[in-house]
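Following: one structure in structure tokens, then a few remarks.
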Amino acid sequence: MRKIIVPLCLFFTGVLSAQEANDSLRSKYIDEVEIIGTKPVIAGRSDYVGKLPLKNLENPQVYTGITSTLITQQKIYNMDDVVRNSPGISKSTDGWAGSVMYGGATYVSRGFATQIKALNGLANNITMPSDVQNVSAIEVIKGPSATLFGGIITSYGGLINRVTKKPYDDYSLGVDVSAGSFSFNRIGIDLNLPINKAKTLLSRTNVAYSNQGTFTDNGGYTKNLLVAPSFSYQLSDKVKIGLSSEFNATEVAGMGSRTMFSLTPNAVKQYVAEILEDAGASETYISSIVEEMPTTIKEGFGTENIKDFGLNRKRSFYNKNLVTTGQTFNLNATVEYKISDTWKSATSALYSSGNDDGYEVRMVLLPNVVKGVITALLSGDLTSIDYGTAGADYMGRMTRKYETSVNTHQIQQNFVGDFKIATMRNRMVLGLDYYYHDNQSYWRTFQSNEYGSLFGYAYPGIFDVVAVKGENSNYYDFEKNNIDYLFQTAQTDASKKPFGGTTSVYSTYVNDVLNITSRLLVNAGVRFDRFIAKGIYDGATDSWSEGYNQNAVSPKFGVVYQPILNTLSVFANYQTGFTNKNGTDKNNNLFKPEHSFQFEAGLKYALFDGNFTGTLSVYDIRVKDIVRNDPDDIDFNIQDGTQKSRGFEAEILGNPFPNFNVMFGYAYNDSKYEKADESVNGLRPTTAGAKNQFNVWLHYHFQTYNFLNNFSIGAGGNYVGKTYVMNQAPDGAFIVPAYTLVNAKISYDKPSYSFALRANNLLNLDIWTGNAGIYPQMPRQIVGSVALKF
């Protein structure tokens, strides 16, 4: 038997093992052992997307399966860089650093926010590791997908599934050490080890430790430790058992703050009216003051583009002793039993838990009118108010302290059949699913004017005010000791109670793919969910509140026709999604589930023996009963939104000649509210991301007889059009400008070692992302790595 060079955490020359490709418990991401550059590095098949073993050409749903081969080729170590390889996906927010519930990046897909919340096809509604060490593939699944995945982890634009590495029947050890600018350093270890001579009991352990320093002035850092053992046992020719787990620990110091633009002119008017009312001002006087205040963002802030504020991404405005720690653990067990030649049973269970403790930091940009009103109020002279000039010269520094514990578990039973009805091939999955989620959080805030607060006015959560530019004598006051003192002496009563709840979901579903002919396939599926929210427990009253029950039905249909068998397919689909919604509006009307409906059509191709593959599609998604902020009362939500999201996506992957890989992706999205309050009707939602996005990656591996032999070079990037931090009438819009992110790498690869150098944000552009709040992104970073394989 010829020896196969098996890659590990680095896939030093881009090899993908035959065992990994053909393991029946996982998606089949590549057909044979292959060197980087000679085959597409995007998966052509998935067992998770349809919960059936379907080739991409047979599946009427659009998805991108990003393999570990591509991850190694690009020399990347975090999920953000992986997800960017999918057309139409861009990062929206960075999440709350270290939080097990609200941490992790949020991305935009087809006009809707989504996160990496699926683990091996199961719901893992806890922040997952950001390191790629234990990743076999990332599947970006497009469009509403509730029929097979429910409403817990899916968004109307799709979901992202993280597939973990599994053991195979050979010994191998890989070690990767990397270091770079901004105090980046990392070590990754991947050990695959058969345990018995028969190689029926296999093990694999992945470990990674990393430290990433900040690019700001406070010396902050993020430290992360990942330990991920996994086992596989072939009990008999009919039974296979898998067991895998991950422990992830994160410590974040002085990183993760965001700049908020929540004080729009109309929000300021509401706050000012409340303050003046509390001060005893008459309704007539309040109305006269409010009418004179700015109405639009341009009038209040002096600009609609965040680049005009001159925000300095290197100034942190807070101390690195504001530390957040978080720990998560998951345990995934699978049992696969061959019932007959046509049916098998697949049982999966996932247990996850996590806890955190830390600080959420916000910088709230203050329009100058706020200072004029507060100054007049505190002076007692309300007869004349100096509104100042249009602009935002100050920021309010705001923080909350949180502690969270989360526990979830899921049990899923699938019966998968592959049989014939007359002469027609029929593939079917019948599924039962139970999901349980429990979380308890404390979000502590304070209200004090000890440190000046909001220009001297005590306002919940506001620590003090600093100038956006120039000198600040109080610059270093925003630190742990001062903040903890306020939590001890001025914590609000409301924040002493826990926030959270307990939910259970009982589901059953079926998905069927019938070959009418070898070229024509039809797909139909449906899901029923029973959602039970027990609500929130109050220990003081020994009672539960806010509990509710809801039912949801989610059908899907699809058709695929291959005019050229295994080469070209034309497809269309109808898919649905839903999100259970709790709560009421200010009139105490109960919210009902939101629902989404997608129609999509397009073509998929695999030309020239699979050397050119891709997808072209157009889609139309409609959502009704969207819950959003009440523009007339910022303390409540309303449910009147109907959103339309239409677009076009293209993905082209190819090997024009040996050892040369090309990837192109383009996405256009037109998203807007159609039937909603006048404040947002006809406008693009802030969560919809950019209208236009483009991604590219070019890579060449030299196999020559000169000094370039075994060198690899690669370059690519992402263009993301302008997005909105705020977009509503009559305020107007806050615009985050478009940006182009360029990355490049060079490496020297041999079967037993590799040297690489990568540049992130090669052009060193000042990039910001976000909605509602914005996050500064990493400047140019150079990372070098050395990898060894034994």
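Have a look at Ser345, Ser352, Ser288, Ser340 and point out the one that is closer than 30 Å to Thr389 by Cβ and either out of contact with any helix residue (DSSP H, G or I) (no Cβ under 9 Å at 6 or more places or on another chain) or open to solvent by 20 Å² or more (accessible area, probe 1.4 Å) (or both).
Ser288
Name every residue in segment 565-602 that is open to solvent by less than 60 Å² (accessible area, probe 1.4 Å), among the polar types (S, T, N, Q), over 13 Å from Ala146 (Cβ atoms) and at pLDDT 85 or above, in order of residue number.
Thr567, Ser569, Asn573
Looking only at residues in segment 209-218 that are farther than 20 Å from Ile782 by Cβ and in contact (Cβ under 8 Å) with a residue 24 or more places away in the chain, which one is surrounded by the most Cβ atoms within 10 Å (Cβ to Cβ)?
Once the filter is applied, the top-ranked residue is Asn218.
So which residues in segment 544-561 are more than 28 Å from the chain's Cα centre (by Cα), surrounded by fewer than 21 Cβ atoms within 10 Å (Cβ to Cβ) and at pLDDT 95 or above, if there are any at all?
Val559, Tyr561
Please enumerate the residues belonging to segment 433-456 that are more than 30 Å from Val522 (Cα to Cα), of a type in the set (Ser, Thr, Tyr) and open to solvent by less than 50 Å² (accessible area, probe 1.4 Å).
Ser441, Thr445, Ser448, Ser453
If a residue has to be polar (S, T, N, Q), part of a strand (DSSP E or B) and open to solvent by 10 Å² or more (accessible area, probe 1.4 Å) to count, how many in segment 413-432 make the cut?
2
Give, as residue ranges, the strands (runs of 3 or more DSSP E) completely inside segment 34-119 that count at least 1 residues that are β-branched (Val, Ile, Thr) and more than 30 Å from Phe711 (Cα to Cα).
Filter on segment 34-119 gives 90-93, 106-109, 112-114, 116-119.
Would you confirm, using the coordinates I've provided, whether Lys691 is of a type in the set (D, E, K, R), open to solvent by 30 Å² or more (accessible area, probe 1.4 Å) and either in contact (Cβ under 8 Å) with a residue 12 or more places away in the chain or in contact with a Gly (Cβ under 6 Å, 6 or more places away or on another chain) (or both)?
The answer is yes for Lys691.
Find the strands (runs of 3 or more DSSP E) located wholly in segment 440-557 whose residues include 2 or more that are of a type in the set (Gly, Ala, Ser), and list them.
Where strands (runs of 3 or more DSSP E) fall fully within segment 440-557 and carry at least 2 residues being of a type in the set (Gly, Ala, Ser), they are 499-515, 520-538, 543-545.
Give the number of residues within segment 705-723 that are open to solvent by 40 Å² or more (accessible area, probe 1.4 Å) and either assigned to a strand (DSSP E or B) or not basic (Lys, Arg) (or both).
9
Among the residues of segment 460-486, write down those that are more than 21 Å from Met255 (Cβ to Cβ) and buried (at least 17 other Cβ atoms within 10 Å of the Cβ).
Residues satisfying the conditions are Ile462, Val465, Leu486.
Mind checking whether some residue in segment 677-693 is closer than 30 Å to Ile297 by Cα, among the aliphatic types (A, V, I, L, M) and modelled with pLDDT under 90?
Yes: segment 677-693 contains one or more residues that are closer than 30 Å to Ile297 by Cα, among the aliphatic types (A, V, I, L, M) and modelled with pLDDT under 90.
Considering only residues that are at pLDDT 85 or above, touching a strand residue (DSSP E or B) at 6+ places or on another chain (Cβ under 8 Å) and either among the basic types (Lys, Arg) or under 30 Å from Thr284 (Cβ atoms) (or both), which ones fall in segment 368-393?
Asn368, Val370, Lys371, Ala392
Counting only residues that are acidic (Asp, Glu) and not in a strand (DSSP E or B), which one in segment 382-412 is nearest to Ser507 (Cα to Cα)?
Asp393
Looking at (1) within 28 Å of Asp94 (Cα to Cα); (2) surrounded by fewer than 18 Cβ atoms within 10 Å (Cβ to Cβ); (3) in contact with a strand residue (DSSP E or B) (Cβ under 6 Å, 6 or more places away or on another chain), which is the one condition that is false for Gln234?
Checking Gln234 against (1) within 28 Å of Asp94 (Cα to Cα); (2) surrounded by fewer than 18 Cβ atoms within 10 Å (Cβ to Cβ); (3) in contact with a strand residue (DSSP E or B) (Cβ under 6 Å, 6 or more places away or on another chain), the one that fails is (1).
Just a yes or no: is a residue in segment 533-540 at pLDDT below 90 and in contact with a helix residue (DSSP H, G or I) (Cβ under 8 Å, 6 or more places away or on another chain)?
For segment 533-540, residues at pLDDT below 90 and in contact with a helix residue (DSSP H, G or I) (Cβ under 8 Å, 6 or more places away or on another chain): absent.
Restrict the check to segment 75-86 and report whether at least one residue is under 22 Å from Thr740 (Cα atoms), of a type in the set (Phe, Trp, Tyr) and open to solvent by 10 Å² or more (accessible area, probe 1.4 Å).
yes
Restricting attention to segment 757-790, which residues are in a strand (DSSP E or B), β-branched (Val, Ile, Thr) and open to solvent by less than 30 Å² (accessible area, probe 1.4 Å)?
Thr769, Ile774, Val783
Looking at segment 148-157, can you tell me whether even one residue there is among the hydroxyl-bearing types (Ser, Thr, Tyr), over 18 Å from Asn224 (Cα atoms) and part of a strand (DSSP E or B)?
Checked segment 148-157: at least one residue is among the hydroxyl-bearing types (Ser, Thr, Tyr), over 18 Å from Asn224 (Cα atoms) and part of a strand (DSSP E or B).
The values are calculated or read from the model by the stated rules, or taken from the named source; none is laboratory data. Since the structure is predicted, the reported quantities are computational estimates derived from the model, not experimental observations. All Cβ positions, even for glycine, are placed from backbone atoms using ideal geometry, and neighbour counts span all protein chains on display. The protein model used for the area step is the full one, side chains on, heavy atoms only, and it has no ligands, DNA or RNA in it. Shrake-Rupley method; radii C 1.70, N 1.55, O 1.52, S 1.80 Å.
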